[in-house]
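The structure under discussion appears below in the form of structure tokens.
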Amino acid sequence: MAKKDIRKIKTSELKTWLEEQGEKAFRASQIEDWLWKKGITHWDEMANLSKELRRKLDEEFEIRKLTIATSQKSEDGTVKAAFRLYDSNIVEGVLIPSGERMTACISSQVGCSLTCKFCATGYMDRKRNLDPAEIYDQARAIARIAETEFEHPLTNIVMMGMGEPLLNYANVMEGINRIISPEGMGWSPKRITLSTAGIAKMIKKLADDEVRFNLALSLHAADDEKRNQIMPINETNTLSALKEALRYFYQKTKNQITFEYIAFHGINESQEDAAKLAKFTLSIGAPIKINIIEYNPIAEADFVNAHADRLDAFKAYLESKRLIVNIRRSRGKDIDAACGQLANKQKPAEA
Ligand code: SAH
């Protein structure tokens, strides 16, 4: 019989199993402490358990690990890691050092079911959802890279890697809750951001669950016709549905909302587009911020990044409406680690 993944069973089940073995139930919290907080991957490292119990655990359960298949460092310091999962699937995570910030960008699915035209992951199939431990382990692994490569602790975590987090809702929430939990990484939710292509129903669910982490919405066009063209998910999650969901989200959580907007040359960077973007974002009735992200060219599509003068005029219009706008330069482009470039294209590992 296949061994069970110990991090997939509930604490109550682990307690029952321990009691069946003639062990005390409090061992469950010791075991979970080793697994989550200390991140060990071998039973023999569980120093406060008897040899006999470690043997029984090994017979019954497995500890699934995330291993680093390859890792590449960009000229700008960005590190991309390809993580191998227990079933040999690969997902990518990125560490982005920038001044005092050390940001981990982590994945939520193997591939993606959305087909955003400008995103390399969108051209892969969605193979499966990541489980909570796989989400958590990426954050831990990247935190370790930050400490070993830069001697600096991780400061931020963004769910902006492969996949659509809100289409893997339960596992993403459980993974984030572990990152926040004192029994996990003990992080503040304020340093975590979830980015979504916009699944209205699930944005409302985030509100009902009263999340305390930050929300970012990949908008990229504030016009349904244009957004349908580049993000087919908009056909069923229209701007008006998103507006309603975001208003609800703000009313319930009082969290600021960030909008991500790639300015594509000749598509969504005119003054009229800026006016629509201002109108849409101001209609949410929440404190908001707009991040204009540089387009990172991908092989599958032929979009072009907006020209500097157009971008300046676009930004100026938004600022004239008192909106907070940041232009985000992309990082890690030379190693395909930038936003939208994650598609498991590692250079062959060096021998
Ligand atoms: N599915 C989620 C999270 C992953 S994408 C989402 O859509 O938000 C993270 C961010 O990178 C999103 O804002 C996405 O639109 C953006 N992105 C995708 N492809 C890109 C590209 N080629 N260049 C720049 N940003 C891109």
Taking θ = phi - 60°, what integer Hz values does the Karplus form 6.51 cos²θ - 1.76 cosθ + 1.60 yield along the stretch 77-82, in sequence order, with x for Gly and Pro? x, 4, 10, 10, 10, 9
Please check: in the Gaussian network model of the chain (C-alpha springs, under 10 Å), which one of Glu183, Glu134, Glu235 has the largest mean-square fluctuation. Glu235
May I ask you to compute the full-extension gain from Asp125 to Ala308, defined as 0.36 nm times their residue separation minus their alpha-carbon distance, rounded to one decimal in nm? 62.5 nm
Coil-residue trypsin sites (Lys or Arg not before Pro) of the stretch 262-322, DSSP, other Cβ within 10 Å capped at 10: Arg322
In the stretch 1-88, which chymotrypsin sites (Phe, Trp or Tyr not before Pro) fall in coil by DSSP and have 10 or fewer other Cβ atoms within 10 Å? Phe26
Bin all alpha-carbon pair distances of the stretch 67-335 at 5 Å intervals from 0 and give each bin's fraction as a whole percent. 1, 6, 13, 17, 19, 19, 14, 8, 3, 0, 0
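Can you put Ile68, Ile6 in order, fewest other beta carbons within 10 Å first?
Ile68, Ile6
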Test of understanding: what is the full-extension gain from Thr238 to Arg101, defined as 0.36 nm times their sequence separation minus their Cα-Cα distance? 45.9 nm
What aspartates and glutamates could a cross-link reach from Lys226, if we take a straight Cα to Cα line under 15 Å and drop same-chain neighbours fewer than 8 places away? Glu235, Glu269, Glu272, Asp273
Mind checking which of Gln72, Val91, Leu57 is farthest towards the positive end of the stretch 54-96's charge dipole, using Cβ charges of +1 (Lys, Arg) and -1 (Asp, Glu) about the Cα centre? Leu57
Using Cα springs under 10 Å in a Gaussian network model of the chain, which residue among Arg144, Arg329, Arg191 shows the largest mean-square fluctuation? Arg329
Can you give the calculated 222 nm mean residue ellipticity of the chain, where each DSSP H run of n ≥ 4 adds -39,500 (n - 2.57) and the sum is split over every residue, rounded to the nearest 500 deg cm²/dmol? -10000 deg cm²/dmol
Mind checking the dipole of the chain: about its Cα centre, +1 per Lys or Arg Cβ, -1 per Asp or Glu Cβ, Debye to the nearest 20? 720 debye
Distant-in-sequence amide H partners of Asn305 (H built 1.01 Å from N, under 5 Å): His265
Round to a whole angstrom and tell me the spacing of the C-alpha centers of the stretch 131-179 and the stretch 238-266. 23 Å
per DSSP, antiparallel bridges as share of beta bridges in the stretch 67-335, % nearest 5, sits at 45 percent
Go from 0 up to the bin containing the longest alpha carbon distance in the stretch 11-62, width 5 Å each, and give me the % of pairs per bin. 4, 22, 34, 30, 9, 0
Using a Gaussian network for the chain with springs between C-alpha atoms less than 10 Å apart, which of these wobbles most: Pro297, Pro287, Pro165? Pro287
Which far-off residues, 5 or more places away or on another chain, put their amide H under 5 Å from the one on Ala69, with H placed in the peptide plane? Ala82, Phe83, Arg84
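Values quoted throughout were computed directly from the atomic coordinates according to the rules given, and no laboratory measurement underlies them. Predicted model, so just to flag it, every value in this text is computed and none were measured. Please note: Cβ atoms are built from the backbone with ideal geometry, for glycine as well, and neighbour counts cover all protein chains shown.
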